[in-house]
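Worksheet: one structure, shown below.
The values are calculated or read from the model by the stated rules, or taken from the named source; none is laboratory data. Only a predicted model underlies this, so the values are computations on that prediction, with no experimental measurement involved. Using ideal geometry, Cβ is built from the backbone for each residue, glycine included, and neighbour counts are taken over all protein chains shown. For accessibility, only protein heavy atoms count, side chains too; no ligands or nucleic acids. Shrake-Rupley method; radii C 1.70, N 1.55, O 1.52, S 1.80 Å.
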Amino acid sequence: MKVLIVGSGGREHAIATSVAKSPKVDKIYCAPGNAGIGMIAECVPIGAMEFDKIVAFAKEKAIDLTIVGMDDPLVGGLIDELEKAGLRAFGPRKNAAILEGSKAFSKDLMKKYNIPTAAYENFDNAEDAIGYLETSQFPIVLKADGLALGKGVLICNTLEEARKGVKSIMLDKQFGTAGNRMVIEEFMTGREVSVLSYVDGKTIKTMTSAQDHKRAKDGDQGLNTGGMGTFSPSPFYTAEVDEFCKKYIYQATVDAMAAEGREFKGIIFFGLMLTEKGPKVLEYNARFGDPEAQVVLPRMKNDIIEVMEACIDGRLDEIDLQFEDNAAVCVVLASEGYPVKYDKGLEIRGLENFEGKDGYYCFHAGTTLKNGKIVTNGGRVLGVTAKGANLKEARANAYAATEWIDFDNKYMRHDIGKAIDEA
Ligand code: AMP
Ligand code: GLY
């Protein structure tokens, strides 16, 4: 079969790598892809938001399955457009992708269906929001309602800070229209865990757990980023936590969406916080995490195409989802200055060192070809993933492999997965 993947990051490279392993697949296209994806797929210069072009391309090439990896096209309704044209597509429709697309929606859903989450209020004007803050306890969390590249969350320690936050989200529109509405919620403390799952509208099968490191610098200092590294599984995601989430969170979310007439098919990513009062949902995403996919997918034993087709056809209950009994760590190699200002076009050396190395992966996030050479083309450049028998070994392997690669301004965190020492 012919598969089209929509997106251009490390997550899409990880998805493409899994798709390439499927004996069912003869040809992979990626729109727009990157230099690494280009080694296993044919990249086509169509942007992820160019819906008409994507649909026309999928029809012209008689694509059997289109996989949409990114939030923006999912929330914008790309799956609906593909289906209207009679094409098979993996991902939630627009009316279900709202689970990620609107934080106000997802908070109301959790409240209505008693799914554990932080206490909150939604606001659609700055005056009411500020009035509410004047009677609130601090720290407090402000969230722009819509998609904001993972940056629309402000943790405010004082009323003064929170006032400024409301102004920047709702009045100055720092995150654009994402700030037309806002959620103000209780600040929670605890360990964060990401659990990704496959969903077919009724049945949910969770994948192995993972943990992201969102801040730019060691020790969780510096600005929020798309993610500087991940490890899987999380030792804090115990059998007890899993049991609680299965009982109160996972199936409850799928059932709630169905009850609302918003049947969810695709990936639900549960961002959880393990608080003293039990696990609570921090956020939902309607897609694989980036760079969570880079540690979860290499450990999945199933044929990803079989699992995705089962989701589309509503027979996920027939799939025995299995993961390897090992661990993986992904260290992101970024360009110095990310997430603010960084150079592009710097030559990357040493990529060939990964050839034929079992259990090691070099996922491309921001790379492109220039005069026949692979150069940097984004803030997050590569995701170096390695497996190991356990987390310690995986971490040592991943950091060793980061040394195989070199480019000017190469920057990484040195403490990815360090938390596991405390487990
Ligand atoms: P989100 O995009 O909603 O996952 O938020 C981004 C990050 O902000 C999360 O990964 C947490 O580290 C932090 N965060 C979000 N909501 C809360 C909360 N209610 N309490 C404490 N931290 C939060
Ligand atoms: N790594 C977090 C995300 O993909 O949203």
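I need every pair where a residue in segment 328-344 that is acidic (Asp, Glu) has its Cβ under 8 Å from the Cβ of a residue that is open to solvent by 10 Å² or more (accessible area, probe 1.4 Å), sequence separation at least 6 or different chains.
336/342; 336/409; 336/410; 336/411; 343/337; 343/408; 343/409
Somewhere in segment 349-365, is a residue more than 20 Å from residue 20 (Cβ to Cβ) and in contact (Cβ under 8 Å) with a residue 60 or more places away in the chain?
no
Could you check residue 179 against (1) open to solvent by 10 Å² or more (accessible area, probe 1.4 Å); (2) modelled with pLDDT under 95; (3) more than 12 Å from ligand 1 (Cβ to nearest atom) and say which number it fails?
That leaves (1) as the condition not met.
Find the helices (runs of 4 or more DSSP H) located wholly in segment 223-314 whose residues include 2 or more that are within 16 Å of ligand 2 (Cβ to nearest atom), and list them.
293-296
Which residue pairs have Cβ atoms under 8 Å apart, sit 6 or more places apart or on different chains, and have a first residue in segment 1-28 that is among the polar types (S, T, N, Q) and a second that is modelled with pLDDT of 95 or more and open to solvent by 40 Å² or more (accessible area, probe 1.4 Å)?
8/32; 17/40; 17/361; 22/306
Among the residues of segment 246-289, which ones are within 16 Å of ligand 1 (Cβ to nearest atom) and among the hydrophobic types (A, V, I, L, M, F, W, C)?
249, 267, 268, 269, 270, 272, 273, 274, 281, 282, 286, 288 - these are the residues of segment 246-289 that are within 16 Å of ligand 1 (Cβ to nearest atom) and among the hydrophobic types (A, V, I, L, M, F, W, C).
For segment 92-165, give me every one of the strands (runs of 3 or more DSSP E) that falls completely inside it and has 2 or more residues that are within 11 Å of ligand 1 (Cβ to nearest atom) and open to solvent by 20 Å² or more (accessible area, probe 1.4 Å).
Hits in segment 92-165: 153-156.
Kindly state which strands (runs of 3 or more DSSP E) lie completely within segment 182-221 and contain at least 3 residues that are away from ligand 2 (no atom under 16 Å from the Cβ).
Answer list for segment 182-221: 182-186, 191-200, 204-212.
Residue 36 passes all but one of (1) free of Cβ contacts under 8 Å to residues at least 12 places away in the same chain; (2) within 24 Å of residue 230 (Cα to Cα); which number fails?
Answer for residue 36: the failing condition is (1).
Of all residues in segment 259-282, count the ones that are out of contact with any Ser or Thr (no Cβ under 7 Å at 6 or more places or on another chain), open to solvent by less than 50 Å² (accessible area, probe 1.4 Å) and of a type in the set (Gly, Ala, Ser).
Of the residues in that region, 2 qualify.
Of the residues 376, 368, only one is open to solvent by less than 20 Å² (accessible area, probe 1.4 Å) and either under 30 Å from residue 237 (Cα atoms) or in contact (Cβ under 8 Å) with a residue 24 or more places away in the chain (or both); which?
Of the residues listed, the single one that is open to solvent by less than 20 Å² (accessible area, probe 1.4 Å) and either under 30 Å from residue 237 (Cα atoms) or in contact (Cβ under 8 Å) with a residue 24 or more places away in the chain (or both) is 376.
Filtering segment 190-224 down to residues that are within 12 Å of ligand 1 (Cβ to nearest atom) and at positive phi, which residue is most open to solvent (accessible area, probe 1.4 Å)?
Once the filter is applied, the top-ranked residue is 220.
As an exercise: evaluate residue 170 against (1) open to solvent by 30 Å² or more (accessible area, probe 1.4 Å); (2) away from ligand 1 (no atom under 16 Å from the Cβ) and give the number of the one condition it does not meet.
(1)
Among residues belonging to segment 1-27 that are in a helix (DSSP H, G or I) and hydrophobic (A, V, I, L, M, F, W, C), point out the one that is most open to solvent (accessible area, probe 1.4 Å).
Taking the candidates together, the pick is 20.
Taking the options 318, 347, 292, 355, name whichever one is within 16 Å of ligand 1 (Cβ to nearest atom) and either open to solvent by 40 Å² or more (accessible area, probe 1.4 Å) or in contact with a helix residue (DSSP H, G or I) (Cβ under 9 Å, 6 or more places away or on another chain) (or both).
292
Yes or no: segment 108-131 includes at least one residue that is at pLDDT 95 or above and within 16 Å of ligand 2 (Cβ to nearest atom).
The answer is no, given that none of the residues of segment 108-131 is at pLDDT 95 or above and within 16 Å of ligand 2 (Cβ to nearest atom).
It is to be established whether one or more residues within segment 325-335 are at pLDDT 95 or above, in contact with a helix residue (DSSP H, G or I) (Cβ under 7 Å, 6 or more places away or on another chain) and surrounded by fewer than 22 Cβ atoms within 10 Å (Cβ to Cβ).
Yes, segment 325-335 has at least one match.
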